[in-house]
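Data block below; observations after.
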Amino acid sequence: MTSAYFSHLSQLQAQTEALLAAQGYDQLLIGSGSLHTHFLDDTRYPFRPNPHFVHWACFLTQHPDCWLLVRPSQKPLLFYYTPKDFWHLTPGLPAEDWAKGFEWQAYDDFAAVRAQLGNSKTAVISEQGVEGDNLSQNPNALIQAINFDRAVKTEWEQHCLRQANYLAVKGHCAAQHGFESGHSEYEIHQAYLQAIEHNESDLPYDNIVGLNEHAAVLHYQFQQRERPAEHRTLLIDAGARFNGYAADITRTHSDGTGLFTELLEAMDRLQQQLCAQVRAGADFVSLQRHMHLLLADLLQRFDIVNVSAEQQLEQGITRSFLPHGLGHLLGLQVHDVGGWQQDAEGTLKQPPEDHPFLRLTRTLEAGYVITVEPGLYFIPQLLEELKAGPGAQSVNWARVEQLLPYGGIRIEDNLCVRADGHENLTRDGFHG
């Protein structure tokens, strides 16, 4: 796939040259980022690189203090930080095939970078401030234009996202085995890491590993060491990275019996109905509304709510069982940039008032990679609010009490949008 990577660099070069010319810059300098220490301590947080840097140099995700200079009609110049340091390993210049896409300069003093900039009008995208009369730090118009273009993934990026999904699937299979073996949340998490050969700092986000009632906490942040007496439910929202690109997959598992298992199977069919509608030209806000219509029908069929789907939507009942959005853009960042952005100038389309947590309001285009993640939860806080409101009489509270110990359901796939449909990167990983 090296040829696809070089093609990716060529596309970035052409796009960037056009943007620089349009906005009056001679060149673009991008920093990889820097290490940060903990408050009142000398230990450091795990390094997270600047995604604008990784967009070009996706093989350098663990390399702080590097700089990339993009110049018209020239190879991008990569300043590779090689400090004199006997405390840490100083890396040598990369020699792999992908490195041929750049010019390289080893450096240990930023003066070498500054000297290369000269008097050219330079846009700088970096968390580190770079002073100079001819430098423009984090110009908003340029960043908005880059963010807008990032939604359409190149062939190389699609490859990386596909491989990230295939990798994460291995972890999800290990997690399912751990659940079926009666393991704790912590043990399931550790099995996941071992299966995908990641350290925790390699993960694109902190894994959500919720057993039983914890499946009702949307961003459950703990991992209990103790094994619960019963294993009714596992909700695991966990990803992986491949060359800087993220997978974001959720699966829910049950003990295989009873009403909740039937509900889980119905939710899986509902999720696939939504996936079937993903193609270029689809309006994601409309898909969000359709998700709630399908959920309302399901709630009625399972005698959780005893009024029609239309009445449920009018009363806002479904939002008590599903408060989050259908999905988001996915790429170098888990919640990839530009989800509300409608053009390169940065015009935003806010989510509708009745669905404030929707992260994507764009019309889908070929090359987008998105998540599709409907859910159904029994969240005590939201249920108490529902019980105190006008929709309380429409709910079968005995059925809700029966399902509360199971927490909830979320099923999330990663889809690459095509002109005539989509490629389901996640399902392909499970079935491959």
**Item:** Sum of -39500 (n - 2.57) over DSSP H runs of 4+, divided by residues of the chain (222 nm, nearest 500)
**Value:** -10500 deg cm²/dmol
**Fill in**
Over all pairs of different Cα atoms in the chain, the reciprocal of the mean inverse distance gives a Kirkwood radius in Å of 23.5 Å
**Request:** Calculate the radius of gyration of the Cα atoms of segment 240-294 to one decimal place, then report Dmax, the largest Cα-Cα distance, as a whole number, both in Å.
**Result:** 14.8, 42
**Message:** If I histogram all Cα-Cα distances within segment 115-212 using bins 10 Å wide from 0, what percent of pairs lands in each bin?
**Reply:** 13, 26, 20, 21, 14, 6, 1
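Averaged over all directions, how much area does the convex hull of the C-alpha atoms of segment 1-59 cover when projected, in nm²? Walk me through the numbers before you get to the answer.
Values: hull surface 23.1 nm².
About 5.8 nm², averaged over all directions.
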**Message:** I'd like the orientation of helix 2-23 relative to the chain: the angle between its Cα long axis and the longest Cα principal axis, in ° from 0 to 90, rounded to 10.
**Reply:** 80 degrees
**Request:** Return the percentage of antiparallel bridges among DSSP beta bridges fully within the chain, rounded to the nearest 5 %.
**Result:** 75 percent
**Request:** Multiply the residue separation of residue 401 and residue 365 by 0.36 nm, subtract the distance between their alpha-carbon atoms, and state the gained length in nm to one decimal.
**Result:** 8.7 nm
**Complete:** Taking a crude spin-label model, label points 7 Å out from Cα along the C-beta direction, the residue 259 to residue 104 distance in nm is 6.3 nm
**Message:** Between residue 180 and residue 6, what's the calculated FRET efficiency when r is the beta-carbon distance and R0 is 35 Å? Round to 0.05.
**Reply:** 0.20
**Request:** Based solely on C-alpha atoms, express the radius of gyration and the Dmax of segment 1-133 in angstrom.
**Result:** 15.4, 47
**Probe 1.4 Å, protein heavy atoms only - accessible area per residue of segment 260-360 in square angstrom** = 42 Å²
**Prompt:** Could the peptides 162-175, 126-139, 65-78 be put in order, highest first, of the mean number of other beta-carbon atoms found within 10 Å of their residues?
**Reply:** 162-175, 65-78, 126-139
**Asked** Cα axis of helix 284-301 to longest principal axis of the chain: angle in degrees, 0 to 90, nearest 10?
**Response** 20 degrees
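Quick check on packing: order 297-310, 390-403 by the mean number of other C-beta atoms within 10 Å, highest mean leading. Numbers along the way, then the final one.
Working: 297-310: 17.4, 390-403: 14.9.
With the highest mean Cβ count within 10 Å placed first, the list reads 297-310, 390-403.
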**Asked** Angle between the Cα long axis of helix 155-180 and the longest principal axis of the chain, 0 to 90 degrees, nearest 10?
**Response** 40 degrees
**Asked** Just how far, in whole angstrom, is segment 187-231 from segment 24-51 if you go by their alpha carbon centroids?
**Response** 28 Å
**Item:** Carbon/sulfur fraction of accessible area - segment 140-280, other protein chains in place, 1.4 Å, %
**Value:** 45 percent
**Message:** Between residue 119 and residue 143, how high is the FRET efficiency from 1/(1 + (r/R0)^6) when r is the Cβ-Cβ distance and R₀ = 25 Å? Nearest 0.05.
**Reply:** 0.60
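How big is the equivalent ellipsoid of segment 36-97 along its three axes, where each semi-axis is √(5λ) from the Cα gyration tensor, reported in whole Å from largest to smallest?
Values: eigenvalues 128, 47, 21 Å².
The answer is 25, 15, 10 Å, longest axis first.
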**Fill in**
Taking a crude spin-label model, label points 7 Å out from Cα along the C-beta direction, the residue 293 to residue 18 distance in nm is 3.6 nm
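For segment 295-432, which whole percent of the accessible surface, found with a 1.4 angstrom probe, sits on carbon and sulfur atoms? Please list the in-between numbers first.
On the way: 2710 of 5600 Å².
Solvent-exposed carbon and sulfur of segment 295-432 make up 48 percent of the total.
Per residue, how large is the accessible surface of segment 84-241? Use a 1.4 angstrom probe and give square angstrom.
Details: 8000 Å² over 158 residues.
On a per-residue basis, 51 Å².
In terms of the Cα gyration tensor, with a ≥ b ≥ c the square roots of its eigenvalues, is segment 358-432 rounded because a/c is under 1.5, prolate because a/b exceeds b/c, or oblate?
On the way: a/c = 3.99, a/b = 2.13, b/c = 1.88.
In terms of gyration-tensor shape, prolate.
Relative to the present Cα-Cα distance, how much length would full extension add between residue 62 and residue 133 at 0.36 nm per residue of separation?
Working: separation 71, 0.36 × 71 = 25.56 nm, distance 3.10 nm.
Extra length from residue 62 to residue 133 when fully extended: 22.5 nm.
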**Prompt:** Taking the highest mean first, how do the peptides 325-335, 20-30 order by number of other beta carbon atoms within 10 angstrom per residue?
**Reply:** 325-335, 20-30
**Fill in**
Extension length gain for residue 345 and residue 268 (0.36 nm per residue less Cα distance), in nm, is 23.9 nm
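The values are calculated or read from the model by the stated rules, or taken from the named source; none is laboratory data. The shown structure was predicted, so the numbers you read here are calculated from the model rather than taken from an experiment. Neighbour counts run over all protein chains shown; Cβ positions are idealised from the backbone, glycine included. What goes into the accessible areas is simple: the full protein's heavy atoms, side chains included, and nothing from ligands, DNA or RNA. Shrake-Rupley method; radii C 1.70, N 1.55, O 1.52, S 1.80 Å.
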